[in-house]
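J.: First, the structure itself, so that you have it in front of you.
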Amino acid sequence: MDARFLGIAELAEVPSVAVVVDVMRAYTVAAWAFAQGAEKIVLAESLGDALALKTRHPEWVALKDGPAAPGFDAVNSPGLLRSIDLGGRTVVQKTTAGTVGALAVKDAPLVLCAGFVVAEATARLLRTRKSDSVTFVVTGENGQADEDLACAQYIARRVTEAGVDAAEFLRRAAESRAAAELTEGVRQGAHPDDVALCLELDRFPFAMVATLEDSLMVLRPCAVPSLSGEASV
């Protein structure tokens with residue numbers, strides 16, 4: 001598999017397969033939202049768009065980066081979201097980098113959104129699709145976020161290699177700037193457990209697939225059954 005690792009600004013063409021990585025915290029939060037029962041997540045282009053969607057659909061749950069704000073129901077924190085019952089609900093998510101990355105590749109035939117919590121399921125889906133070329137979109141810090149790059153590199157290795165040790169990749173993420181800022185309280189709208197939750201490898205058994213539905217970029221969980229004979233992969 002030919003894997004490319006690009007920042008959002010480096011996306012010069014529409015990839016055939018894109019894996020958008022935001023470990024801290026957009027796609028860890030998205031995975032938790034599905035685990036808490038959410039049916040789908042609408043990835044909003046702006047805070048204004050998120051609020052407009054919330055106005056049209058008052059029953060939807062809107063969340064954003066940073067501190068709580070009028071019109072939003074939650075913040076982009078897995079530690080805070082894990083206590084919210086989202087059974088059957090639609091979530092509207094707007095974040096600084098993760099949602100931006102997914103919208104940047106919205107025309108790609110296959111768009112996956114990922115973090116460490118869904119790494120194996122994401123790799124397995126790429127294996128089932130037999131993807132020859134995959135573009136990993138490293139969303140944080142203009143493509144330089146080491147937690148996102150480490151996760152992307154781990155997933156890429158996991159697609160083709162058996163027994164990949166995740167320890168070094170997780171160490172890089174734990175020592176990243178994002179982890180330090182969350183731990184030190186630089187980033188608002190956080191919970192003390194956020195970093196640890198973002199580093200839980202394969203916490204959830206599903207991948208997350210984003211597709212255009214009526215002009216909206218919609219993220220949904222995707223069950224990925226094990227392939228016959230792949231137990232050792």
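Please treat every number below as a calculation from the coordinates, not as lab data. This is a predicted model, so every value here is computed, not measured. So basically every Cβ, Gly included, is an ideal-geometry build from the backbone, and we count neighbours across all protein chains shown.
J.: Using θ = phi - 60° and the Karplus relation 6.51 cos²θ - 1.76 cosθ + 1.60, list the HN-Hα couplings for the stretch 89-104 in order, rounded to whole Hz, with x at every Gly or Pro.
T.: For the stretch 89-104, the Karplus-derived couplings read 8, 9, 10, 9, 10, 10, 10, 5, 10, x, 5, 4, x, 5, 5, 5 Hz, x marking Gly and Pro.
J.: Search the structure for amide H atoms under 5 Å from the amide H of residue 22, placed 1.01 Å from N in the peptide plane, and list their residues when 5 or more places away or on another chain.
T.: 27, 114
J.: Right, another one. Please work out how many pairs of lysine residues in the chain are eight or more positions apart (or on different chains) and have Cα atoms closer than 22 angstrom.
T.: The number of close lysine pairs in the chain is 11.
J.: Given R₀ = 41 Å, what would the calculated FRET efficiency be for residue 16 paired with residue 184, taking r from the Cβ atoms and rounding to 0.05? If you can, show how the numbers build up before the last one.
T.: Details: r = 40 Å, r/R0 = 0.97.
After rounding, the FRET efficiency stands at 0.55.
J.: Counting only other residues whose beta carbon sits under 11 Å from that of residue 65, what net charge do I get with K and R as +1, D and E as -1?
T.: Values: positive: 25, 64, 94, 187; negative: 22.
Once positives and negatives cancel, what remains is +3.
J.: Specify which residue in the list 55, 28, 88 is farthest towards the positive end of the charge dipole of the stretch 2-223, using unit charges on the beta carbon of Lys, Arg (+1) and Asp, Glu (-1), about the Cα centre.
T.: In the stretch 2-223, that residue is 88.
J.: If you don't mind, there's one more thing I want to ask. For 191, 57, which order do you get if you count the other beta carbons within 10 Å of each Cβ and list the fewest first? List each step's numbers first, then the result.
T.: Values: 191 18, 57 13.
Ranked by crowding around the Cβ, least crowded first: 57, 191.
J.: Once you put a point 7 Å from the Cα of residue 57 and another 7 Å from the Cα of residue 168, both along the Cβ direction, what distance in nm separates them?
T.: Distance between label points: 4.3 nm.
J.: Which net charge results when you count Lys and Arg as +1 and Asp and Glu as -1 among the other residues whose beta-carbon is under 12 Å from that of residue 14? Write down the numbers at each step before the final one.
T.: Details: positive: 106; negative: 13, 107.
Surrounding charge for residue 14 is -1.
J.: Taking the stretch 8-61, which GluC sites (Glu not before Pro) meet the DSSP loop condition and have no more than 13 other C-beta atoms within 10 Å?
T.: On the way: sites: 10, 13, 39, 45, 59; in loops: 13, 39, 45, 59.
Within the stretch 8-61, the qualifying GluC sites (Glu not before Pro) (loop, at most 13 other Cβ atoms within 10 Å) are 13, 59.
J.: Let me spell out the model: positive unit charges on the Cβ of Lys and Arg, negative unit charges on the Cβ of Asp and Glu, origin at the Cα centre of the stretch 2-223. What dipole size does that give, in debye rounded to 20?
T.: 440
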